[in-house]
Amino acid sequence: MAARSPLINVMVNAAYKAAKGLVRDFGEVEHLQVSKKGPADFVSQADLKSEQILKRELSKARPDYGLLLEEGGGTAGKDSSNRWVVDPLDGTHNFLHGIPHFAISIGVERDGEPYAGVIYNPVVDELYWAEKGQGAHLNERRLRVSARRKMEEALIGTGAPFMGHGDHPTFLKQAQAVMSKTAGIRRMGAAALDLAYVAAGRLDGFWEAPLNAWDICAGIVLVREAGGYVTEIGGGNGMMSSGSVLAANDQLHRPLGDLLRSV
Ligand code: IPD
Ligand code: CA
Ligand code: CA
């Protein structure tokens, strides 16, 4: 069994606790699809409950860390080097529509850099975890990015912008460029899991902009520890502030980036 550090154990235990509520609520969501009011309010409550549990558990274990929570915002900690970066429910629209592809994402940023990550999809009981220098794992298995070298064989994940969000014309050009050179594009609806899938070699690459720090902090560590590369689409290292992300295996990061930058 792969040895988890005390830090990773804290993150895993918090994720498991919050996931119990999410799974219970996900079971209810299907019934609410047909109700007049719809499940939206219910889902935002599920999201908030998950965040409260995560905040409580993480702060109890590391009271001095700062916090960046999707719903609750940022709080400085006594320890100015470390902060939790948390998405209590990534893939909200999947959850809302009864699609079992969503996750809790917990990252640790240390001295401004993603340092550790746990991403948990409770429906399939897939726990992704990674810490800088310690490798990336799915449950007990060590992860490695895919070995595909040819763009024409690559499966590339992305996030399509939606109403009121993102740069639609640029995305359409990027998608056209990528679909004409690869085996296909997937828009699965949970950015944290997209990055975990790159780490697991299920996807060969992924791009999206703009995302937020809580969508990507944990996933960046996973991809890097699995031997892949993560940069902004333009090639820089400012993903946590710009929210622009390009992740891929070591062979395809450059050609995928060149293609996206050519539009
Ligand atoms: C969203 C998902 C989605 C991505 C969006 C994110 P949320 O997060 O990760 O895949 O395309 O940009 O906001 O709202 O489900 O936590
Ligand atoms: Ca998210
Ligand atoms: Ca969220």
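The values are calculated or read from the model by the stated rules, or taken from the named source; none is laboratory data. What you see is a predicted model, and the numbers here were worked out from it, not measured in a lab. All Cβ positions, glycine included, derive from the backbone under ideal geometry; neighbour counts span all protein chains shown. SASA here: full protein model, heavy atoms, side chains in, ligands and nucleic acids out. Shrake-Rupley method; radii C 1.70, N 1.55, O 1.52, S 1.80 Å.
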Between Ala160 and Glu113, what is 0.36 nm times their sequence separation minus the Cα-Cα distance? Round to one decimal in nm. 14.3 nm
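Return the inverse of the average 1/r over all pairs of distinct C-alpha atoms in the chain, which is the Kirkwood hydrodynamic radius, in Å to one decimal. Mind dumping the intermediate values first?
Numbers: mean 1/r = 0.0543 Å⁻¹.
By the Kirkwood definition, the hydrodynamic radius is 18.4 Å.
Rolling a 1.4 Å sphere over the protein heavy atoms, what is the accessible area per residue of the chain, to the nearest Å²? Write out the running numbers ahead of the final one.
Working: 11830 Å² over 263 residues.
The answer is 45 Å² per residue.
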Starting from the 7 Å offset along Cα-to-Cβ, what nm value, one decimal, do you get for the label separation of Ser180 and Lys150? 2.0
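Pairs of Cα atoms under 8 Å, at least six residues apart: use those to get the relative contact order of segment 15-144, whole percent. Could you put the intermediate results ahead of the total?
Details: 228 pairs, mean separation 22.9, N = 130.
18 percent.
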Please list 159-170, 185-196 highest first by mean number of surrounding beta-carbon atoms within 10 Å per residue. 185-196, 159-170
Carbon and sulfur atoms: what percent of the 1.4 Å accessible area of the chain do they account for? 51
Students often get this wrong, so check it: of Lys60/Lys132; Lys17/Lys132; Lys49/Lys132, which have C-alpha atoms separated by over 26 Å? Lys49/Lys132
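Express the relative contact order of segment 202-261 as a whole percentage, based on alpha carbon pairs under 8 Å and six or more residues apart in sequence. Numbers along the way, then the final one.
Values: 94 pairs, mean separation 24.8, N = 60.
It rounds to 41 percent for segment 202-261.
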For segment 56-61, take each phi angle, set θ = phi - 60°, evaluate the Karplus expression 6.51 cos²θ - 1.76 cosθ + 1.60, and give the result in whole Hz per residue in order, putting x for glycine and proline. 4, 5, 5, 5, 5, 7
Column: log10 I(q)/I(0), Debye, Cα scatterers of segment 151-261, q = 0.10, 0.19, 0.21 Å⁻¹: -0.22, -0.88, -1.11
Restricting to Cα pairs below 8 Å that are 6+ residues apart, what does the relative contact order work out to for the chain? Please round to a whole percent. 16
If the reach is capped at under 27 angstrom between alpha carbons, list the lysines near Lys173, excluding any in the same chain fewer than eight residues apart. Lys150, Lys181
Where does segment 6-142 land on Rg(C-alpha)/(2.2 N^0.38 Å)? 1.07
How much length would be gained if the chain were fully extended between Asp64 and His97, taking 0.36 nm per residue of separation minus their Cα-Cα distance, in nm to one decimal? 8.1 nm
Separation in nanometres of the label points that stand 7 Å from Cα toward Cβ, at Glu140 and Arg24: 3.0
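Counting helices only, and only those DSSP H runs with n ≥ 4, report the 222 nm mean residue ellipticity of the chain as the sum of -39,500 (n - 2.57) divided by its residues, in deg cm²/dmol to the nearest 500.
-12000 deg cm²/dmol
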In segment 55-157, what GluC sites (Glu not before Pro) fall in a loop by DSSP, with at most 16 other Cβ atoms inside 10 Å? Glu71, Glu140
